[in-house]
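Just so it is clear, none of the values below were taken in a lab; they were calculated from the coordinates. The structure displayed is predicted, hence computed values, not measured ones.
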Amino acid sequence: MAAEARLRELVDEHLNLGRQPQWDGGLADSGVSSLNAVAFKKVVEKGFGVSIPPECFDSLRKLSAYIDSQSG
């Protein structure tokens, strides 16, 4: 779960939601436009040094689990 804390920081820094997003829903469920979601995906990939397949970007929780599985 190390990725979750950093992911929360990236959400706060880059998505400007004014609240915590839904971790089990898609970014669109939290009010993130598709354009901002694509930009955020690039930030996450750069920040963690991983390439993220689209199916792992379904929810922030799934994204966090994928990133954790890639480290180590």
Original post:
Once both axes come from the Cα atoms, what is the angle between helix 60-70 and the longest principal axis of the chain, in degrees from 0 to 90, rounded to 10?
Top reply: 20
Subject >> Angle in degrees between helix 34-48 and the longest Cα principal axis of the chain, rounded to the nearest 10 >> reply: 30
Original post:
If you line up the long axis of helix 2-14 against the longest principal axis of the chain, both from Cα atoms, how many degrees apart are they, to the nearest 10?
Top reply: 30
Original post:
Is the range 20-72 best put as rounded, prolate or oblate by its Cα gyration tensor, with a ≥ b ≥ c the root eigenvalues, rounded for a/c under 1.5, and otherwise prolate when a/b is larger than b/c, oblate when not?
Top reply: oblate
